[in-house]
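Okay, structure first, notes after.
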Amino acid sequence: MKRIGMLTSGGDCQALNAAMRGVVKCLVNSKENVEIYGFIDGYKGLIYGNFRMLGGHDFSGILTKGGTILGSSRTPFKTIKDPDENGIDKVDAMKQNYYKLRLDCLVILGGNGTHKTANLLREEGLNIITLPKTIDNDLWGTDMTFGFQSAVNIATDAIDCIHTTAASHGRVFIVEVMGHKVGWLTLNAGMAGGADIILIPEIPYDIKKVVGKIQERNDNGSKFTILAVAEGAISKEDAKLSKKEYKEKMKNYKFPSVSYELAQQIEKMTGHEVRVTVPGHTQRGGSPCPYDRVFASRLGAEAGELILKGEYGFMIGYRNREVVKVPLEEVAGKLKMIAPDASIVKEAKLLGISFGG
Ligand code: F6P
C-alpha cells in the first residue's frame with residue numbers, strides 16, 4: 001500500500017492535470033494499492049489539513065483540461081518559516097499533517113518558489129517528488145517545464161493577430177508577454193510570431209537602439225514594427241541601479257507596466273502611433289497543447305515509477321531529450337535564465353531581430 005499526497009502550488013499553467021493523471025495512471029496500472037490525498041490550493045491545504053481523498057476516476061478525463069483540479073495558491077518561501085496570523089508554525093503543521101496521514105510521499109507540482117519549499121520539506125525528512133511546471137520555463141535542472149509550450153502557442157497567436165492589424169495601420173505594436181525575471185516565453189513567442197524587436201530581462205535595452213530599429217525598418221519601407229516585450233524587460237539605466245534604488249524608483253512609477261513606458265518613449269521619439277496589447281493570464285489558460293500533454297504525461301509516469309521504487313528527493317526533469325531525475329537540492333533556489341550569448345539569441349540576431357542591446 002502506498003499513501004500519496006499531491007498538491008499544485010504557485011501560478012497555475014496548462015498540463016498540471018495531465019501530469020497528475022500521469023502519476024496516478026502509472027500507480028494504478030502497477031496494481032499497487034494506492035491511496036491519494038489531494039491537498040487543496042497548494043501548500044495551504046497541507047498546512048491546514050485541507051485535503052480530498054481521490055480515486056483513479058478523479059483523474060479520468062482531465063488530460064486536456066487546463067488549470068488544476070486541486071486548486072493552487074502562492075505560499076511565499078520568504079515567509080514560510082514565519083508563523084501565520086494565528087501563530088501556527090507552517091512548516092511544523094505541514095510535517096504534522098504528513099505524518100498524521102502516514103503518507104509515503106508527497107508529489108508536488110510547481111515552479112521556483114514551490115521548489116524551495118519542497119526542498120525544505122525534504123531537508124525536514126519528508127519524502128518528496130516534484131514535477132516542473134511553469135509557463136516561464138525558468139526552473140533550473142530541466143531544459144523544459146510543462147505549460148511553457150502551451151503558453152508559447154498563445155503568446156504567438158496574440159502576435160500573429162497583431163501582425164495583420166499592425167500592417168493595415170502602419171503602427172508600432174508592443175505585445176507584452178509574461179515573464180518578470182526571464183525571457184524564454186517572450187523570446188520563443190517573439191521569434192515564432194516574427195517580432196522585429198524582442199526585449200527580455202536578461203538583455204537590458206537601450207531605448208535609442210529600439211527607436212533606431214524602428215526607424216531603420218521605416219527607411220526600408222516597412223510601415224509597421226512589432227515588439228515582443230517581457231513583463232520584466234528593463235532599460236540599461238535601470239539595470240545599473242541597486243535593488244534598493246530600483247525599488248525606490250518604482251514607488252513613483254506612473255505606468256501600468258514597462259510596455260506603456262516604452263510606448264510613450266517611442267511615440268515621443270519617432271512620432272509613430274504606438275499600441276500596447278497585453279494577453280496576460282490568457283497565456284496560462286485553456287487546454288494544454290499536444291506537446292505539453294505528452295510531456296507532462298511522460299514526467300508524471302516517471303514520477304509514478306520512482307514512487308513505486310521508493311526513490312525520493314528528486315524533481316523529474318528533461319535534459320538533452322531525456323527524462324531524468326534531478327536531486328532537489330540542485331534545483332531549489334536557482335533560476336534558469338537566457339545567457340545573452342546563447343545560440344538562440346545569436347540566431348535571432350542573425351535573422352535581424354533587435355534586442356535593443
Ligand atoms: O507563473 C508564472 C507567471 O505567470 C509569470 O509569468 C507572471 O509574471 C506571474 O506568474 C503572474 O503572477 P500572478 O498570477 O500572481 O499575477
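The table below lists the values:
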| item | result |
| --- | --- |
| Selection status of Asp12, touching a residue at least 12 places away in the same chain (Cβ under 8 Å), within 16 Å of the ligand (Cβ to nearest atom) and either open to solvent by less than 10 Å² (accessible area, probe 1.4 Å) or of a type in the set (D, E, K, R) (or both) | yes |
| Per-region count, segment 152-183, residues of a type in the set (Lys, Arg) and open to solvent by 70 Å² or more (accessible area, probe 1.4 Å) | 1 |
| Residue among Gly194, Gly232 that is open to solvent by less than 20 Å² (accessible area, probe 1.4 Å), of a type outside the set (S, T, N, Q) and part of a loop (DSSP other than H, G, I, E, B) | Gly232 |
| Complete set of residues in segment 199-229 that are closer than 18 Å to Val278 by Cβ and either small (Gly, Ala, Ser) or surrounded by fewer than 19 Cβ atoms within 10 Å (Cβ to Cβ) (or both) | Ala228 |
| So Pro83, is it free of Cβ contacts under 8 Å to residues at least 40 places away in the same chain, under 21 Å from Cys13 (Cα atoms) and open to solvent by 50 Å² or more (accessible area, probe 1.4 Å) | no |
| Which listed residue is away from the ligand (no atom under 16 Å from the Cβ), within 24 Å of Lys309 (Cβ to Cβ) and over 18 Å from the mean Cα position of the chain (by Cα), from Gly49, Gly87, Gly56, Gly61 | Gly56 |
| Condition broken by Gly333, with the remaining ones in (1) away from the ligand (no atom under 16 Å from the Cβ); (2) open to solvent by 40 Å² or more (accessible area, probe 1.4 Å); (3) assigned to a helix (DSSP H, G or I) satisfied | (3) |
| Qualifying positions in segment 15-35 - open to solvent by less than 50 Å² (accessible area, probe 1.4 Å), over 30 Å from Gly179 (Cα atoms) and in a helix (DSSP H, G or I) | Val24, Cys26, Leu27 |
| Qualifying residues in segment 103-124 (those that are over 20 Å from Ile36 (Cα atoms) and more than 16 Å from the ligand (Cβ to nearest atom)) - the one most open to solvent (accessible area, probe 1.4 Å) | Glu123 |
| Given (1) within 16 Å of the ligand (Cβ to nearest atom); (2) touching a residue at least 40 places away in the same chain (Cβ under 8 Å), index of the condition Met191 fails | (1) |
| Members of segment 38-61 found to be assigned to a loop (DSSP other than H, G, I, E, B) and open to solvent by 10 Å² or more (accessible area, probe 1.4 Å), listed by number | Ile40, Asp41, Tyr48, Gly49, Asn50, Gly55, Ser60, Gly61 |
| Strands (runs of 3 or more DSSP E) completely within segment 95-188 that count 1 or more residues being under 30 Å from Val276 (Cα atoms) | 172-177 |
| Test result for Asp136, open to solvent by 10 Å² or more (accessible area, probe 1.4 Å) and within 15 Å of the ligand (Cβ to nearest atom) | yes |
| Residues (β-branched (Val, Ile, Thr) and either open to solvent by 80 Å² or more (accessible area, probe 1.4 Å) or part of a helix (DSSP H, G or I) (or both)) located in segment 243-302 | Val258, Ile266, Thr270, Thr282, Val294 |
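The values are calculated or read from the model by the stated rules, or taken from the named source; none is laboratory data. The structure displayed is predicted, hence computed values, not measured ones. Positions of Cβ are generated from backbone atoms using ideal geometry, with glycine treated the same way; all protein chains shown enter the neighbour counts. Areas reflect the complete protein model, heavy atoms only, side chains present, ligands, DNA and RNA absent. Shrake-Rupley method; radii C 1.70, N 1.55, O 1.52, S 1.80 Å.
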